[in-house]
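These notes are about the structure you will find just below.
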Ligand SMILES: C[S@@+](CC[C@H](N)C(=O)[O-])C[C@H]1O[C@@H](n2cnc3c(N)ncnc32)[C@H](O)[C@@H]1O
């Protein structure tokens with residue numbers, strides 16, 4: 001239960017990408033790193049047939065529960081995107097919220113892309129969302145902070161430092177009973193790096209969509225890759 005609350009606080013409020021993902025449907029879609037379903041649920045409600053993969057079964061249980069509440073259907077699969085083998089193909093495989101940048105080793109990103117490619121129907125596209133400027137995405141003081149608290153739960157980024165290609169974030173999580181810190185690592189990657197890794201995975205760049213900066217969110221880029 002706890003992980004779900006922190007997940008919702010730390011990544012549930014992002015909305016800059018939803019119109020783009022909705023524009024791909026209705027279709028047969030697979031979301032990698034779906035978490036509690038911020039994107040998968042919206043897609044299912046808009047009429048897509050959605051499968052959602054995540055390493056974290058607790059988050060997927062919440063996704064399933066939320067789907068039930070919405071009267072929507074989402075297939076949930078607890079699995080590692082780097083070794084995925086569903087034996088099914090999709091028109092779109094999507095990796096929102098810079099999922100690819102959570103895979104901090106190049107070999108893990110290539111493995112994920114290679115596996116994703118195997119799940120594409122002929123003509124299907126793997127869409128990878130990338131934050132090309134992590135510093136700005138996370139710390140631009142001009143941008144208002146996203147929601148950081150719900151009821152007694154609060155999460156704040158209290159420190160961020162760059163170590164080589166890694167951005168190391170320290171979150172301070174506070175509830176009624178305790179205060180603790182947790183860290184997350186995200187890799188600095190630009191579209192060119194990922195395009196080269198995609199080639200290793202047998203995928204070529206077909207589209208490059210820019211979601212421009214607005215008054216709430218910094219720019220992000222979505223790469224469309226195909227076999
Ligand atoms: C930032 S959340 C994004 C959730 C959702 N896609 C969204 O856009 O709101 C990233 C998710 O990726 C999952 N994850 C991390 N590594 C993974 C892997 N190797 N395979 C599958 N899921 C993974 C995490 O458990 C987490 O739920």
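The values are calculated or read from the model by the stated rules, or taken from the named source; none is laboratory data. In this text the structure is predicted, and so the values were computed from the model without any measurement. Here Cβ is always computed from backbone atoms with ideal geometry, including for glycine, and neighbour counts include all displayed protein chains.
Entry remark, the stretch 12-29: residues being within 10 Å of the ligand (Cβ to nearest atom), in a helix (DSSP H, G or I) and either surrounded by fewer than 16 Cβ atoms within 10 Å (Cβ to Cβ) or not assigned by TED's automatic domain parsing to the domain that holds residue 219 (or both) number 1 in total. Evaluate the following for residue 1: is it in contact with a helix residue (DSSP H, G or I) (Cβ under 9 Å, 6 or more places away or on another chain), modelled with pLDDT under 95 and more than 10 Å from the ligand (Cβ to nearest atom)? The answer is yes for residue 1. Within the stretch 60-80, the residues that satisfy the criterion of being more than 17 Å from the chain's Cα centre (by Cα) and in a loop (DSSP other than H, G, I, E, B) are 71, 72, 73.
Would you pick out the residues in the stretch 79-96 that are within 8 Å of the ligand (Cβ to nearest atom) and surrounded by fewer than 19 Cβ atoms within 10 Å (Cβ to Cβ)? Once the filter is applied, which keeps residues that are within 8 Å of the ligand (Cβ to nearest atom) and surrounded by fewer than 19 Cβ atoms within 10 Å (Cβ to Cβ), the stretch 79-96 yields 79, 80. Quick check: is even one residue across the stretch 19-39 touching a residue at least 12 places away in the same chain (Cβ under 8 Å), over 18 Å from residue 128 (Cα atoms) and within 15 Å of the chain's Cα centre (by Cα)? Scanning the stretch 19-39, I find at least one residue that is touching a residue at least 12 places away in the same chain (Cβ under 8 Å), over 18 Å from residue 128 (Cα atoms) and within 15 Å of the chain's Cα centre (by Cα), so the answer is yes.
Of all residues in the stretch 47-63, those satisfying the criterion of being surrounded by fewer than 17 Cβ atoms within 10 Å (Cβ to Cβ) and over 17 Å from residue 100 (Cα atoms) are 47, 57, 58, 61.
Taking each residue of the stretch 185-202 that is at positive phi and surrounded by fewer than 20 Cβ atoms within 10 Å (Cβ to Cβ) and looking for partners that are at pLDDT 90 or above and part of a helix (DSSP H, G or I) with beta-carbon atoms closer than 7 Å, six or more apart or interchain, yields 202/114; 202/117. For the stretch 37-59, filtered to residues that are in contact with a strand residue (DSSP E or B) (Cβ under 9 Å, 6 or more places away or on another chain) and assigned to a loop (DSSP other than H, G, I, E, B), the residue that is farthest from the ligand (Cβ to nearest atom) is 48. Given the criteria crowded, with 17+ Cβ neighbours inside 10 Å and more than 9 Å from the ligand (Cβ to nearest atom), does residue 32 qualify? The answer is no for residue 32.
Return the only residue of 160, 198 being in contact with a helix residue (DSSP H, G or I) (Cβ under 9 Å, 6 or more places away or on another chain), over 20 Å from residue 2 (Cα atoms) and not in a strand (DSSP E or B).
Values: 160 fails: not in a strand (DSSP E or B).
Checking each option against the conditions leaves just 198.
Every condition in (1) at pLDDT below 85; (2) in a strand (DSSP E or B) is met by residue 144 except one, and the failing one is (2).
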